[in-house]
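Student: Mind having a look at this structure? Questions to follow.
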Amino acid sequence: MSKTKVLGMEYGIEITRPWSPEMYEHNDKVMATMKEAIFVVLSRAYTDDNEEDLRQIAKFICGYGFAGSVDMDAIHEDACRQLDMTAGHWMNSDLWPDMVMEGFVKDLDVKLVGYSK
């Protein structure tokens, strides 16, 4: 049987390997906040017919771009589906930082835990 290794503290949560239930609970809450913020800007771009922003946001979410022949409905649908399935490691390392850097979302004071150790 493996022992739990304590790696430190983040936001008052003991960071362990394997992950603790508290770590999973924290990350679930932070992920829900992040996904909601991204969904809002994705949907705003879609409803405002802002194809340029929609394509850029969708590329951040999906990790791939869409050919010019792909219509906005299909892009929005695929991006929403991919956002729903986004894993924590992708959100933490690529999606969220890119969305913040490009100014689509504002960074959060509280981050995901357990990915930097």
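Student: Among the residues of segment 94-111, is any of a type in the set (Val, Ile, Thr) and in contact with a His (Cβ under 7 Å, 6 or more places away or on another chain)? If you could, list the steps in order and put the result at the bottom.
Tutor: Just the residues of segment 94-111 that are of a type in the set (Val, Ile, Thr), to begin with: 100, 105, 110.
Now restrict to residues that are in contact with a His (Cβ under 7 Å, 6 or more places away or on another chain): none.
For segment 94-111, residues of a type in the set (Val, Ile, Thr) and in contact with a His (Cβ under 7 Å, 6 or more places away or on another chain): absent.
Student: Within the set of pairs 6+ apart or on separate chains, which have a first residue in segment 23-49 that is over 22 Å from Val110 (Cβ atoms), a second that is among the charged types (D, E, K, R), and C-beta atoms under 7 Å apart?
Tutor: Listed pairs, sorted by first residue: Ala45/Asp53.
Student: Continuing with the same structure: Only one of (1) surrounded by 13 or more Cβ atoms within 10 Å (Cβ to Cβ); (2) farther than 26 Å from Ile13 by Cβ; (3) not small (Gly, Ala, Ser) fails for Val40. Which number is that?
Tutor: Condition (1) is where Val40 drops out.
Student: Also, I was wondering about something else. For segment 83-92, does any single residue satisfy the condition of being at pLDDT 95 or above and among the polar types (S, T, N, Q)?
Tutor: Scanning segment 83-92 turns up at least one residue that is at pLDDT 95 or above and among the polar types (S, T, N, Q).
Residues checked against (1) touching a residue at least 12 places away in the same chain (Cβ under 8 Å); (2) of a type in the set (Gly, Ala, Ser); (3) part of a loop (DSSP other than H, G, I, E, B):
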position	(1), (2), (3)
Ile61	yes, no, no
Ser69	no, yes, yes
Glu77	no, no, no
Arg81	no, no, no
His89	yes, no, no
Leu108	yes, no, yes
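Student: In segment 90-113, what residues are small (Gly, Ala, Ser) and either touching a Lys or Arg at 6+ places or on another chain (Cβ under 8 Å) or more than 22 Å from Met9 (Cβ to Cβ) (or both)? Full working, then the answer.
Tutor: Narrowing segment 90-113 to residues small (Gly, Ala, Ser): 93, 103.
Result: Gly103, single match.
Student: Turning to a different aspect of this structure: Filtering segment 103-117 down to residues that are more than 15 Å from Val30 (Cα to Cα) and out of contact with any helix residue (DSSP H, G or I) (no Cβ under 7 Å at 6 or more places or on another chain), which residue is modelled with the highest pLDDT?
Tutor: Of all residues in segment 103-117, those more than 15 Å from Val30 (Cα to Cα) come to 103-104, 116-117.
So of that shortlist, the ones also out of contact with any helix residue (DSSP H, G or I) (no Cβ under 7 Å at 6 or more places or on another chain) come out as 103, 116-117.
Working: Gly103: 98, Ser116: 83, Lys117: 59.
That would be Gly103.
Student: Take segment 91-105 and flag every residue that is assigned to a loop (DSSP other than H, G, I, E, B) and either in contact (Cβ under 8 Å) with a residue 24 or more places away in the chain or in contact with a Cys (Cβ under 8 Å, 6 or more places away or on another chain) (or both). Steps first, answer last, please.
Tutor: Initially, segment 91-105 is screened for residues assigned to a loop (DSSP other than H, G, I, E, B), giving 102-105.
Residues satisfying the conditions are Glu102, Phe104, Val105.
Student: Being over 21 Å from Met31 (Cα atoms) and aromatic (Phe, Trp, Tyr) is true for just one of Phe60, Phe66. Which residue is that?
Tutor: Details: Phe60 fails: over 21 Å from Met31 (Cα atoms).
That would be Phe66, the only listed residue that is over 21 Å from Met31 (Cα atoms) and aromatic (Phe, Trp, Tyr).
Student: A further question on this structure: Here's a check for you: in segment 1-22, which residue that is of a type in the set (Ser, Thr, Tyr) and out of contact with any Asp or Glu (no Cβ under 7 Å at 6 or more places or on another chain) is farthest from Gly114 (Cα to Cα)?
Tutor: Among them, the one singled out is Ser2.
The values are calculated or read from the model by the stated rules, or taken from the named source; none is laboratory data. Quantities reported herein were computed from a predicted structural model and do not represent experimental measurements. Every residue, glycine as well, gets a Cβ built from its backbone with ideal geometry; the counts of neighbours run over all protein chains shown.
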